[in-house]
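Following: one structure in C-alpha cells, then a few remarks.
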Amino acid sequence: MKAGFWVAPEGAEDAMTVMPIGGDLLEEAPGRRKLSLLATGRAEDLILACPRVSKILPEIVAALETQDENAAGRLFDLTEFSADEILLIEDVIGEGEVAGVVSLPDGVGAQIQESVMAGLWRVRFTDTQGKLFADYLEVSSLPEIARRAALVNCQPLDAGEPPAGAMNVMPLLAEIAGRSAAHKTGEPTHTITFSLLPMSPEDMSHLQQCLGAGSVRLISKGYGSCRILSTGTMNVWSVQFFNAMDEIILDTLEIGDAPAAARAAEEDFRDSAKRLREIEEAYFA
C-alpha cells in the first residue's frame, strides 16, 4: 500500500475512485488569473446594466455581518441571472482556497467554490447531462449540500473478519465505530493519525473497505494542500496534507463534523463582510 489512506495499492493503475479531486474544477490552470473586470473601463457600463448585482451585494454583506459559524446558510439565487450579471458577480467574488465536488443520487452533481471572501460560496448543480439547473451564492461555514451529502447513504460500520496479516485494524475499527455513533454536532473532533500507528498494508486495505466511499471531495489550498473526503461511515472523514511535491506529509481520519480545514470560522465572516462592503461602496454605491 502506498503512503496514505485513500490511495491505490501498489501496482494499481489508478487511485481508488473516491480519491481523485476532479480535474479542472479543483486544479488552477496556468495563466488562469487575469485583470479584474472592475479595473477596466468596461466596469461602469456593466454595473449600470446589472442593477440586480448592485442590489444583492449589500444583502450578502448584511448576511456576512451576522452569520454564525454553526447556523444554517443563507442563499442568494443566481439561477436566472444573465450572462453579464454572472460575469460581474464572478469578478467581484473571485475564487478562494476551498473547492469541491459532491455526488448526489441519480447522477446529479454539485460543484462548490469558496470565494476570495471566506464564508461566501458559489454552489452549482448539474444534471446527468452536465446541464446547469441551479446556481446560488451561500453564506455559511460550509455549503449545506456538502454537509448533507456527507451523511446520506452512510452505513453502520461492519468490521467483518480480521484479514490475514492484520495488526491494529480491528481495535481501530472498534474505536471508529464507537466515536462515529456517539458524535453529536458541535462536539470536538477526534483525530486518528496513521503515522502514529503501526498499520500493515492489509490493515489499511481492510480499513478502506469497511469505511467505504463517501460522496464529498474537497481540496483546500490554504493549508498548503489539503484533500478532504467523506467516507461511507457517518461522521468519518479522510484528511490528507501534501507538500509542494504532492507527497503526503500528514494522513489522518477525523471523526466529527466537517473538517476545520474546509470550514469558515466566525471571524472569517466579519472580515469578508468588511472586504465586500469596501468593494460595494467603491464600485456600486
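What is the calculated FRET efficiency for Q155 to L197, with r their C-beta to C-beta distance and R₀ = 22 Å, to the nearest 0.05?
Numbers: r = 24 Å, r/R0 = 1.08.
Calculated value: 0.40.
How far is helix 266-283 tilted, in degrees, relative to the longest principal axis of the Cα atoms in the chain, given as a value from 0 to 90 rounded to the nearest 10?
Once rounded, one gets 30 degrees.
Which shape class applies to segment 109-156: rounded if a/c is under 1.5, otherwise prolate when a/b exceeds b/c and oblate if not, where a ≥ b ≥ c are the square roots of the Cα gyration tensor eigenvalues? Walk me through the numbers before you get to the answer.
Numbers: a/c = 3.04, a/b = 1.14, b/c = 2.66.
It comes out oblate by the Cα gyration axes.
What shape does segment 149-262 take by its C-alpha gyration tensor, where a ≥ b ≥ c are the square roots of the eigenvalues and a/c under 1.5 counts as rounded, a/b above b/c as prolate, and the rest as oblate?
On the way: a/c = 1.78, a/b = 1.18, b/c = 1.52.
Verdict is oblate for segment 149-262.
Please state the Cα pair-distance histogram of the chain with 10 angstrom bins from zero: what percent is in each bin?
Once binned at 10 Å, the Cα pair distances of the chain give 6, 26, 32, 21, 10, 4, 1.
Hey, can you grab everything whose amide H is under 5 Å from the amide H of S200? Only 5+ residues off in sequence or another chain; H modelled, so Pro and N-termini drop out.
M167, N168
When ranked by the protection proxy of mean other Cβ atoms within 10 Å per residue, highest first, what sequence do the peptides 177-188, 258-269 form?
On the way: 177-188: 13.1, 258-269: 19.2.
So the peptides 177-188, 258-269, ranked by packing, come out 258-269, 177-188.
Any read-out appearing in this document is the output of simple, stated calculations on the displayed coordinates, not a laboratory observation. Remember, predicted model here, so these are calculated numbers, not experimental data. We place every Cβ from the backbone using ideal geometry, glycine too, and count neighbours over all the protein chains shown.
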